[in-house]
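Chemist: Next up is a structure, given as structure tokens.
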Amino acid sequence: MTAEEAYTELIRRSKELGVLNSCAAVLAWDQQTYMPRNGAALRGEQMAFLAALSHQKFTDPKVGELLGAVEGSELLRDPESDASANMREMRRAYDRATKIPQSLVEELARVTTQAQHVWEQAKKTNDYASFRPHLEKVLALKRQEADAVGYKEHPYNALLDEYEPGTTVAELKELFSKLTAELSPLVKQIVASSKQPDRSLLAREFPIDRQKVFAEAAAVAIGFDFASGRLDTTAHPFCSGFGPGDCRITTRFNPRFFSEAFFGVLHETGHAMYEQNLPAEHFGTPLGSACSFGIHESQSRLWENQVGRGRPFWDHFFPRLKQTFPSALAEVSLDAFYFAINDVRPSLIRVEADEATYNLHIALRFELELALLSGNLTTAELPGAWNERFEALFGLKVPDDARGCLQDIHWSFGGIGYFPTYTLGNMYAAQFMDSARREIGPDLLADDFRRGEFGRLKSWLLRNIHQHGQRYRAGELCRRATGAPLSPSPLLEYLREKYALVFSVC
Ligand code: ZN
């Protein structure tokens with residue numbers, strides 16, 4: 001078999017797996033949206049069957065032979081060719097999947113399923129002691145996983161590789177320490193400011209049917225294609241891109257809080273537009289797949305915050321919002337509304353945090369999970385360490401573990417290394433937006449938004465981010481799109497500039 005033939009066969013297999021995995025994605029979406037309760041057992045079997053089939057096809061020793069037949073061949077002479085990028089990522093994924101023994105995969109699935117059930121209950125009853133032995137097991141298995149995959153310097157690097165290939169603990173530590181060092185005092189200044197918004201205006205009566213119409217109209221305006229997607233309601237909002245022509249998003253409506261569904265929809269729309277703009281001809285291969293979790297998150301945060309919490313956006317949408325909710329917003333001015341949606345205040349819960357304090361929540365989790373994994377922090381010490389660091393960062397006392405170290409699901413499902421991608425997303429979003437603004441022209445872009453026009457920004461993102469799939473790793477993609485490696489500075493500058501205006505701090 002020639003290298004060309006081997007490569008063609010690898011691509012065929014990869015695309016077949018893409019189709020198989022998209023079937024599982026449809027079932028998973030249905031499970032969260034419309035499946036009747038009694039369908040759970042059968043759905044479990046269907047999902048387990050597809051997952052096993054996918055794993056078997058993916059780790060077939062034949063794939064290893066095919067990869068070996070292409071590597072070192074003339075086909076990969078140009079390191080920037082389609083074939084080179086596809087091969088680099090297929091090799092990474094194949095190695096990762098085959099290095100972890102099947103027994104460990106099964107043990108992880110068993111332990112994390114149980115840990116999630118226990119966590120759910122432990123959070124409800126504020127009972128860390130019941131969750132602790134499960135967390136202990138999860139950590140032990142994740143250490144085994146890191147050993148099986150192999151790593152340099154820190155076992156965390158092996159876990160990070162699953163979400164953010166190529167990024168290291170050393171890089172993250174540097175980014176987070178710079179970010180936290182400036183963000184923490186900025187938040188303290190904001191808290192001390194005598195100018196504070198009236199948040200209650202967002203907690204008036206906002207009928208759900210009108211919220212839905214308004215949010216859908218905004219999603220369409222920024223570029224969501226409803227001929228290639230849907231918006232439904234779920235307890236936990238998400239975006240699932242099945243493949244070309246079908247990407248589903250969900251949200252959760254709260255009739256007494258406007259921000260939850262609206263900014264949630266902008267967020268998921270950002271994820272969805274990335275999925276909708278990946279090159280369809282490469283579906284199922286790395287070139288047709290999203291670059292990393294951090295880059296994916298950058299697309300959602302960019303639309304939710306950089307655009308959606310910006311003044312020009314609301315210059316256009318606020319008059320429409322007032323028409324939609326005449327009684328709730330009758331005497332509310334654009335200034336008051338803009339201030340309310342840009343409120344900053346230290347709070348206990350990550351998922352309810354504003355765009356400034358959010359990153360402090362992530363810094364805390366990154367620091368603690370790093371220490372837990374390396375054994376510098378025991379699970380017995382976790383609640384104390386959490387509360388102590390939380391108070392240092394936020395100036396707030398944590399009243400109980402339910403609102404402290406038990407609040408997130410991630411550790412129970414073994415998602416160690418996942419949290420940093422949220423803040424990476426915020427940093428990438430700010431840096432991308434900064435470049436797009438400079439390239440297109442800051443006034444031109446703001447004028448676009450004031451007219452409810454987002455095409456120029458969309459095509460910048462398509463050109464610089466979406467169309468590349470996994471052609472480059474996240475760090476390289478950022479350098480090419482912005483001319484510089486990822487830095488916390490654009491995010492810090494953006495936040496400082498915004499809050500200098502709304503809170504009169506500098
Ligand atoms: Zn997201």
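Chemist: Using modelled backbone amide H atoms (1.01 Å from N, in-plane), which distant-in-sequence or interchain residues come within less than 5 Å of GLY229's amide H?
Modeler: CYS247
Chemist: Can you give the net charge of the other residues whose Cβ lies under 11 Å from the Cβ of CYS247, counting K and R as +1 and D and E as -1?
Modeler: Value of the local net charge: -2.
Chemist: Counting just the Cα atoms, what span does the stretch 303-405 cover along each of its three principal axes? Round to the nearest Å and put the largest first.
Modeler: 56, 26, 19
Chemist: Taking the Cβ of each residue in TYR34, TYR418 as the centre, tally the other Cβ atoms inside 10 Å and list the residues starting with the fewest.
Modeler: Listed from fewest to most nearby Cβ atoms, that is TYR34, TYR418.
Chemist: Consider all pairwise Cα distances in the chain and report the whole-number % of them above 34 Å.
Modeler: Pairs farther apart than 34 Å: 38 percent.
Chemist: Please compare each pair in LYS15/LYS142; LYS123/LYS397; LYS123/LYS188; LYS99/LYS152 to a cut-off of 20 Å on the Cα-Cα distance and tell me which ones are over it.
Modeler: Result: LYS15/LYS142; LYS123/LYS188 exceed 20 Å.
Chemist: Convert each backbone phi in the stretch 241-246 into a coupling constant with the Karplus relation 6.51 cos²θ - 1.76 cosθ + 1.60 (shift: θ = phi - 60°), then list the ³J(HN,Hα) values in order as whole Hz, x for Gly and Pro.
Modeler: Listing the rounded values in order: x, 6, x, x, x, 8 Hz.
Chemist: When Lys and Arg each count +1 and Asp and Glu each count -1, what net charge do the other residues less than 15 Å away from GLU268, Cβ to Cβ, add up to?
Modeler: After counting each charged neighbour, the total is -3.
Chemist: Moving on. As a footprinting exposure proxy, order GLU216, GLU281 by other Cβ within 10 Å, with the fewest listed first.
Modeler: Lowest count first: GLU281, GLU216.
Chemist: Name the aspartates and glutamates eligible as straight-distance cross-link partners of LYS173: C-alpha to C-alpha under 14 Å, and not fewer than 8 places from it in the same chain.
Modeler: GLU153, GLU367, GLU369
Chemist: Sticking with this structure for a sec: I'd like the Karplus ³J(HN,Hα) series for the stretch 163-180: coefficients 6.51, -1.76, 1.60, θ = phi - 60°, whole numbers in Hz, and an x wherever there's a Gly or Pro.
Modeler: 9, 9, x, x, 8, 10, 4, 4, 5, 5, 4, 5, 4, 5, 5, 5, 5, 5
Chemist: Would you mind ranking TRP386, TRP411 so that the residue whose beta carbon has the fewest other beta carbons within 10 Å leads the list?
Modeler: Ranked by crowding around the Cβ, least crowded first: TRP386, TRP411.
Chemist: Now a separate question. Which whole-Hz ³J(HN,Hα) couplings does the stretch 8-23 yield from phi under the Karplus relation 6.51 cos²θ - 1.76 cosθ + 1.60, θ = phi - 60°, glycine and proline marked x?
Modeler: 4, 5, 4, 5, 4, 5, 5, 5, 4, 5, x, 5, 4, 5, 5, 5
Chemist: Summing +1 for each Lys or Arg and -1 for each Asp or Glu, what net charge is found among the other residues whose Cβ lies under 12 Å from the Cβ of GLU367?
Modeler: So the environment of GLU367 carries a net charge of +1.
No lab work stands behind these numbers, since they all come straight from the coordinates. Not measured: the values here are computed from a predicted model. As a convention, Cβ positions derive from the backbone with ideal geometry for all residues, glycine included, and neighbour counts pool all protein chains shown.
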